[in-house]
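Visitor: Sharing a structure, written as C-alpha cells. Questions coming.
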Amino acid sequence: MGIRIFEYIVFPRMEMNQTDFFKCLSDPTRLEIVKLVMAKQDVCVCELTEQLSMSQPKVSRNLALLRNLSILLDQRQGQWVYYRLNPALPAWAKQILSIISSQNDEIINRQNIHSSVSLHCE
C-alpha cells in the first residue's frame with residue numbers, strides 16, 4: 001500500500017471580512033479547533049472529537065463554519081475527513097493566527113495532540 005498525499009483544493013475568494021473572521025474565532029470551540037489544527041496539520045474529525053470531548057455533530061458544525069469562511073480546508077480520505085489551515089489566508093489573518101499559535105503551548109502540554117490517528121479513528 002503506497003503513501004497517499006493529501007490534496008487540498010484552494011478556491012480563490014474575495015477578500016476575507018475581518019469582522020466575520022473575528023466573530024468566527026470568538027467562539028471558544030472554534031478557537032480550540034483552530035489551535036489544534038495549527039499544532040498538528042491534517043487533523044481528522046475523530047481526533048478533534050476526542051481531544052475536545054465533544055460529539056461529532058457539534059465538532060462538525062463548528063468545522064463547517066471554519067471551512068465556509070475558508071479558515072480551514074478539508075480533504076476526504078475514505079470515511080475520514082481531515083482538516084488543515086488554509087495556506088491562502090490573507091496576510092493579516094496569518095499574523096493573527098501566528099500570535100495565537102505562539103500562545104498555543106498550553107493546549108499542546110494539556111492534550112496529547114500528537115497521538116496517532118488510529119487511537120481515535122478506529
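Visitor: Working carefully through the options Glu122, Glu50, find the one that is modelled with pLDDT under 85 and either of a type in the set (Asp, Glu) or closer than 14 Å to Leu25 by Cα (or both).
Guide: Residue meeting the stated conditions: Glu122.
Visitor: Given the conditions (1) surrounded by 11 or more Cβ atoms within 10 Å (Cβ to Cβ); (2) modelled with pLDDT under 95; (3) over 10 Å from the mean Cα position of the chain (by Cα); (4) of a type in the set (Gly, Ala, Ser), and given that Ala39 satisfies all but one, which numbered condition is not satisfied?
Guide: Exception for Ala39: condition (3).
Visitor: If you don't mind, there's one more thing I want to ask. When residues of the range 1-23 are filtered for being open to solvent by less than 40 Å² (accessible area, probe 1.4 Å) and modelled with pLDDT of 95 or more, how many remain?
Guide: Final tally of qualifying residues: 1.
Visitor: Taking the range 58-68, which residues are open to solvent by 30 Å² or more (accessible area, probe 1.4 Å) and within 10 Å of the chain's Cα centre (by Cα)?
Guide: Arg67
Visitor: Can you name every residue in the range 71-90 that is hydrophobic (A, V, I, L, M, F, W, C) and modelled with pLDDT under 90?
Guide: Listed by number, the list holds a single entry, Trp80.
Visitor: Looking only at the range 69-100, filter to residues that are open to solvent by less than 60 Å² (accessible area, probe 1.4 Å) and of a type in the set (Val, Ile, Thr); which one of those is nearest to Leu48 (Cα to Cα)?
Guide: Out of the qualifying residues, it is Val81.
The values are calculated or read from the model by the stated rules, or taken from the named source; none is laboratory data. Just so we're clear, the structure is a prediction, and the values are computed from it rather than from any experiment. Note that each Cβ is placed from the backbone with ideal geometry, even for glycine, and that neighbours are counted across all protein chains shown. Only protein heavy atoms, including side chains, enter the accessible area calculation; ligands, DNA and RNA are left aside. Shrake-Rupley method; radii C 1.70, N 1.55, O 1.52, S 1.80 Å.
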